[in-house]
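S.K.: First the structure, which I've put down as structure tokens, then a few questions once you've had a look.
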Amino acid sequence: MISRKQAKILAFPYTNYDALICDGAVRSGKTSIMMWAFVQWATENFSGQRFGICGKTVDSCVKNIVVPFTSMSLTKERYIIRWRRSDKILEVRRGAVTNYFEVFGGKDEGSAALIQGLTLAGALLDEVALMPRSFVEQAVARCSVRGSKLWFNCNPEGPEHWFYKEWIEKAESRGALRLHFTMGDNPGLPPEIRQRYERLYTGVFYRRFVLGEWAAAQGLVYD
């Protein structure tokens, strides 16, 4: 069972949008369904192409995206998967179609050099709000294959965050579909777990983690 919001992720490849932005609460069912849709779209539209899967670090990307995806029973039924650990490349084959999903970490300003010079048919950036702008912009620039699309997801930060200002507020002009998620958009999250999260957090963390708002930390001042 999937929610209406998750169904819109699956429908995104069949729209005229160039990018998908999924932001909102933690545990709201964004990441797993997005990875599934990303690979399905790549398989239906390309063969022999390279794609980027980007996270804050390579390890976090492997743990949060690659391992859950390869562990899904539907993945095992539909695709032949080969995880090339040393190269950090996920090779996905179905019939005569084979594509390559390379994992990158965008932890600091120097990370942009890791992806520079590549040619990609698409990129999925997980927790994009935690990555430096230089890395994100470099990943966007690498997607130059005809028909390429960008896939972003994140939990919210402050309302002055560059990604909120440059991508979410300008989604329409950038040709991006923005889907805002709450915990209620994840049918797999038991009600008691949702209530636990609602009890755990207060203030700005409640607004960000539970409500999925890009809220400022009132009263805190940083350099």
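S.K.: For the stretch 41-75 and the stretch 135-167, compute the distance between their C-alpha centroids and round to whole Å.
M.R.: About 17 Å separates the Cα centre of the stretch 41-75 from the one of the stretch 135-167.
S.K.: Which of GLU198, GLU157, GLU102 ends up with the largest GNM mean-square fluctuation for the chain, with Cα atoms connected below 10 Å?
M.R.: Greatest mean-square fluctuation among the candidates belongs to GLU198.
S.K.: To check my understanding: the extent here is largest minus smallest coordinate of the Cα atoms along each principal axis. What are those three numbers for the stretch 23-131, in Å, largest first?
M.R.: Principal extents (Cα only, largest first): 39, 34, 24 Å.
S.K.: Among GLY48, SER86, GLY110, flag the residue with its Cα farthest along the positive direction of the charge dipole of the chain, charges on Cβ as +1 for Lys/Arg and -1 for Asp/Glu.
M.R.: GLY48
S.K.: Oh, and also: Using every pair of alpha-carbon atoms in the chain, split the distances into 5 Å bins beginning at 0 and state the percent of pairs per bin, rounded to integers.
M.R.: Once binned at 5 Å, the Cα pair distances of the chain give 1, 7, 14, 18, 21, 17, 11, 6, 3, 1, 0, 0.
S.K.: Turning to a different aspect of this structure: Connecting C-alpha atoms closer than 10 Å in a GNM of the chain, tell me which of GLY29, GLY95, GLY212 has the biggest fluctuation.
M.R.: Most flexible of the set in this elastic network: GLY95.
S.K.: Still on this structure, please answer the following. How big is the gap, in Å, between the Cα center of the stretch 4-26 and the Cα center of the stretch 90-131?
M.R.: Between the Cα centres of the stretch 4-26 and the stretch 90-131 lies a distance of 19 Å.
S.K.: When ligands, DNA and RNA are left out and all protein chains stay put, how many square angstrom of accessible area per residue does the stretch 145-223 have with a 1.4 Å probe?
M.R.: Averaged over the residues of the stretch 145-223, the accessible area is 60 Å².
S.K.: Additional query: Could you tell me the calculated FRET efficiency between SER47 and GLU137, based on Cβ-Cβ distance and R0 = 41 angstrom, to the nearest 0.05?
M.R.: On the way: r = 28 Å, r/R0 = 0.68.
E between SER47 and GLU137, to the nearest 0.05, is 0.90.
S.K.: Further question: Under 29 Å Cα-Cα from LYS88, which lysines qualify once same-chain neighbours fewer than 8 residues away are excluded?
M.R.: LYS88 reaches LYS30, LYS56, LYS63, LYS76, LYS107, LYS149.
S.K.: With a 1.4 Å probe and every protein chain kept in, tell me what percent of the accessible surface of the chain is carbon plus sulfur. Don't jump to the answer; show the numbers that get you there.
M.R.: Working: 5480 of 11350 Å².
Looking at the chain in its full context, I get 48 percent from C and S.
S.K.: Under a 10 Å cutoff between Cα atoms, tell me which one of MET35, MET72, MET183 has the largest fluctuation in the Gaussian network model of the chain.
M.R.: Highest fluctuation of the listed residues: MET72.
The values are calculated or read from the model by the stated rules, or taken from the named source; none is laboratory data. Since the structure is predicted, the reported quantities are computational estimates derived from the model, not experimental observations. Cβ: placed from backbone, ideal geometry, glycine included. Neighbour counts: every protein chain shown. Quick note on the areas: whole protein, heavy atoms, side chains included, nothing else; ligands and nucleic acids left out. Shrake-Rupley method; radii C 1.70, N 1.55, O 1.52, S 1.80 Å.
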